[in-house]
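One structure is given here, and the rest of the page talks about it.
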Protein chains: 2
Amino acid sequence: MSTEPQTQWTHDPAPLLAAGSGFRLDAVSPRSTPGYVGNKKSGRKDLKACSGELDELQERLFAAHHDTKSGPSVLLVLQAMDTAGKGGIVRHVLGSVDPQGVELAAFKAPTKEELAHDFLWRIKPRVPGPGMIGVFDRSHYEDVLIGKVRELAGAKEIERRYEAINDFEAELAEAGVHIVKVMLHISPDEQKDRLMERLDRPDKHWKYNPGDVDERLLWPDYMQAYQTAIERTSTEAAPWYVVPADRKWYARLAVQRLLLDALRDIDPQWPDADYDIDVERERLAES
Amino acid sequence: MSTEPQTQWTHDPAPLLAAGSGFRLDAVSPRSTPGYVGNKKSGRKDLKACSGELDELQERLFAAHHDTKSGPSVLLVLQAMDTAGKGGIVRHVLGSVDPQGVELAAFKAPTKEELAHDFLWRIKPRVPGPGMIGVFDRSHYEDVLIGKVRELAGAKEIERRYEAINDFEAELAEAGVHIVKVMLHISPDEQKDRLMERLDRPDKHWKYNPGDVDERLLWPDYMQAYQTAIERTSTEAAPWYVVPADRKWYARLAVQRLLLDALRDIDPQWPDADYDIDVERERLAES
């Protein structure tokens, strides 16, 4: 057990954010800060205060398990409407850990080749190997979100996918992948402000895409698709967490805690030396 | 031209570190700090002070050129004896920039499949695409370093490789890849201290490999191989920089400056919007 720094967390957010039975997305306030009583300023301080433990656990995980054939890993799946802050999570939560232990996979609109295969085909090779933390910036869930809203696949195929996802994730969990699925939940008003900022600032124009407004106009359909996806795929092996994200600082803090929980659960230990320390000390001294 | 923060740099280190004609590796002191008059404390401060410019230039590069078919990129090649601090460069110099714009490739001992191909076969797919910063943690230079010292290839093949490398890198440069080749230069005494620390600390045992001492015993051969490789492959398109690395803080500062130079040279600009800003503002307001 590591000593925890003093923070403004009053409760472990995991059970508060987990989408259990009877979960209703429309009951989650995007501006709320479940389990946390601080503000933006304390939030930034606490993020930094907890980053040391995250770094050490990541390094232990890497030290103990990378380059091995089997062993635990962590997979953070990030899903959200545009501007919800996926990139900020990667940068500010995972930015503190050693880059060599993190694999980032961003899934964009599928290519022709990808479309010619099952929707999980492009996902499987990107699952983090033993000792690694993988991050999916969008994921196979696009295929039951935009895939459903835009009717890119028929209703029957969408149905099949929920089951395929559950089977796939159960297999991964069995193999040692600790899956943390996060929906960053923003409000349409907050998104409007963030998109407007992109239009107002020349250094943000490149982040704006007219298609973002097209998707925005389908907000209720997307929320319904998220509701269904979360209902159908929040399993014991791979639960969904819905993280209020109108306050970026809270979303970052909360995802950091979810990652900490996963890593504490793995509890990776520094591996024993696979050589004779005294012999090596002598060899080195003589060299 | 961006305004530069006040730092303890007295000279641009690039020309001081570049391996020009008549370069002698044995004339470079691993404890020296060319171009810099500060100490460890100021070094850390200055690294932070300059990270803002690095971040902005990286973001501009990414914004302007990623997802395009051609355009500039940066490739940092890191070569060094064990413990010289390659990992620390990645973490502390590149740790500040957006991870989505950085591609890290660590080249270990080649696999059987890799050995069945030309030595550049595994390298080519890892060259950073437009808009990206790529980092090679070890590289194709291993094939003329350990490859030469350990006689993994015949003398004639090693000879061929210098030329193949120069051709390859010239092609990359032609295609827009700004190549920054860095040898982190440590002393054998410093390496001994760093290896001993790995033996002394249980949380560092995993970083120690008895093979490191085997290579260490061949130090003069390695220095000769570096000397020759640098002589033969320091070209205008892809010069070598030899960075004294006994002081980790200096090596990090210096590599940061070399990257800044490459990025300033590219001078990436925020791309113009490829949509009508006023139209989008209206669409968004109404949505």
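The values are calculated or read from the model by the stated rules, or taken from the named source; none is laboratory data. Keep in mind the model is a prediction, meaning the values are calculated, not measured. Backbone-built Cβ (ideal geometry, glycine too); neighbour counts: all protein chains shown. Ligands, DNA and RNA are stripped out before the accessible areas are found, and what is left, the full protein with its side chains, is counted by its heavy atoms. Shrake-Rupley method; radii C 1.70, N 1.55, O 1.52, S 1.80 Å.
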Out of B:A237, B:A262, B:A251, which single residue is touching a strand residue (DSSP E or B) at 6+ places or on another chain (Cβ under 8 Å), open to solvent by 40 Å² or more (accessible area, probe 1.4 Å) and in contact (Cβ under 8 Å) with a residue 60 or more places away in the chain?
B:A237
All positions within the stretch A:134-173 that are charged (D, E, K, R), farther than 30 Å from A:F62 by Cα and crowded, with 20+ Cβ neighbours inside 10 Å
A:D143, A:K148, A:R161
Hey, among the residues in the stretch B:24-76 that are buried (at least 20 other Cβ atoms within 10 Å of the Cβ) and β-branched (V, I, T), which one's nearest to B:V242 (Cα to Cα)?
B:T33
Are any residues in the stretch A:267-287 surrounded by 15 or more Cβ atoms within 10 Å (Cβ to Cβ) and farther than 16 Å from B:W206 by Cβ, and if so, which ones?
A:R283, A:L284, A:S287
Helices (runs of 4 or more DSSP H) within the stretch B:170-287 that include 2 or more residues more than 26 Å from B:Y36 (Cβ to Cβ)
B:188-200, B:210-216, B:219-233, B:277-286
Residue hits (the stretch A:20-34; part of a loop (DSSP other than H, G, I, E, B) and touching a residue at least 60 places away in the same chain (Cβ under 8 Å)) are A:G20, A:F23, A:R24, A:V28, A:S29, A:P30, A:R31, A:S32, A:T33, A:P34
Taking the stated definitions as given, is A:Y208 within 23 Å of B:R281 (Cα to Cα), touching a Lys or Arg at 6+ places or on another chain (Cβ under 6 Å) and of a type in the set (S, T, Y)?
yes
Counting residues that are away from chain A (no Cβ under 11 Å), which helices (runs of 4 or more DSSP H) fully inside the stretch B:54-149 reach at least 3?
B:112-115, B:146-149
So A:S70 fits all but one of (1) in contact with a Lys or Arg (Cβ under 8 Å, 6 or more places away or on another chain); (2) over 23 Å from B:R91 (Cα atoms); (3) among the small types (G, A, S); what number is the exception?
(1)
Criterion violated by A:L218 - all others in (1) surrounded by 16 or more Cβ atoms within 10 Å (Cβ to Cβ); (2) closer than 15 Å to A:M81 by Cα; (3) more than 9 Å from every other protein chain (Cβ to nearest Cβ) satisfied:
(1)
